[in-house]
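The values are calculated or read from the model by the stated rules, or taken from the named source; none is laboratory data. Remember, it's a predicted structure, so these values are computed and weren't measured experimentally. Neighbour counts run over all protein chains shown; Cβ positions are idealised from the backbone, glycine included. For the accessible areas, the whole protein counts, side chains as well, though only heavy atoms, and no ligand, DNA or RNA atoms are used. Shrake-Rupley method; radii C 1.70, N 1.55, O 1.52, S 1.80 Å.
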Amino acid sequence: MFHTELSNRVSLEFPGSKLVYRHVYAIASLLLISLLSSFTLTQHLAISNWFDGFLGGLAHPVLGLHHMVSVVAIGLLSGVVVRGALVPAGFVLATLLGTINHLLYLDLPGAQTAIAFFTIVFAVMLAIPNQPNLMVLVLLTATAGLFHGYTYGQAILETPIGSQITYMLGLTLTQFVVAMSAREIGNTIGIGKLENIRFVGFAFWAIGIVFLSYSII
């Protein structure tokens, strides 16, 4: 069940480091856009229309470090698993479901603690040589997505329906771009070799521990 299922894709498709830089630039560009979006929102202090909702959705997953780390970790993990695109897809869909749950006032207790816990889990998975199979990974990331989505929903409670829809569109766009860019980076630098990205797992583990301690205190 916990057998490593590594991708056998050949690096002929990839222009090596150029592809890595391209996806790093994509994530960096999204970070910049999110920072600008956040600055715009601070001028309004609240989401009041569809445009504010879209900007808020773009910014939230990137500006929250615990969200960003999880999305990048999930993308990296999916890059070394066969049919790994299902992993970020399941996560993104689950975040939408979690957001809708919050809008419907369906309580999901301990969301912040759960997010920190799953961040640690994904970090450990990056740091060790053997990984769960695809379906286990999809189940774990989808469960984490529910908790991420639930916390996202707090920002759009009591806002117009148009704002809620565009907020979720922004969330989907940001998470998909970051996760798929991280997936291609992981696929390029870690084809069949998780050792190439293990150091990232140790860094994410430390971040997860910090957030877990804050969420418990």
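Quick check for you: with a 1.4 Å probe and neighbouring chains kept, what is the accessible area per residue of the range 70-179, in Å²?
Per-residue accessible area for the range 70-179 comes out at 37 Å².
Taking the full set of protein chains and a 1.4 angstrom probe, give the accessible area of Thr113 in square angstrom, rounded to the nearest 10.
Near enough 50 Å² of accessible area.
Hand me the chymotrypsin sites (Phe, Trp or Tyr not before Pro) from the range 63-163 located in a DSSP loop with no more than 10 other Cβ atoms within 10 Å, in residue order please.
Answer in residue order: Tyr105.
Could you work out what % of the accessible surface of the range 69-217 is carbon and sulfur, using a 1.4 angstrom probe and leaving DNA, RNA and ligands out of the count? Spell out each step's value before the answer.
Numbers: 4630 of 6080 Å².
Whole-percent figure for carbon plus sulfur exposure: 76.
Compute the relative contact order of the range 70-217 as a whole-number percentage, counting only Cα pairs closer than 8 Å that sit 6 or more residues apart in sequence.
Answer for the range 70-217 is 44 percent.
Please report the spacing between the Cα centers of the range 41-119 and the range 132-146 in Å, no decimals.
So the two Cα centres are separated by 15 Å.
Subtract the Cα-Cα distance of Ile217 and Ala203 from 0.36 nm times their separation in residues, and report this length gain in nm to one decimal. Show your work: numbers first, answer last.
On the way: separation 14, 0.36 × 14 = 5.04 nm, distance 2.19 nm.
So the extension gain works out to 2.8 nm.
Starting from the 7 Å offset along Cα-to-Cβ, what nm value, one decimal, do you get for the label separation of Leu134 and Ser48?
Distance between label points: 4.9 nm.
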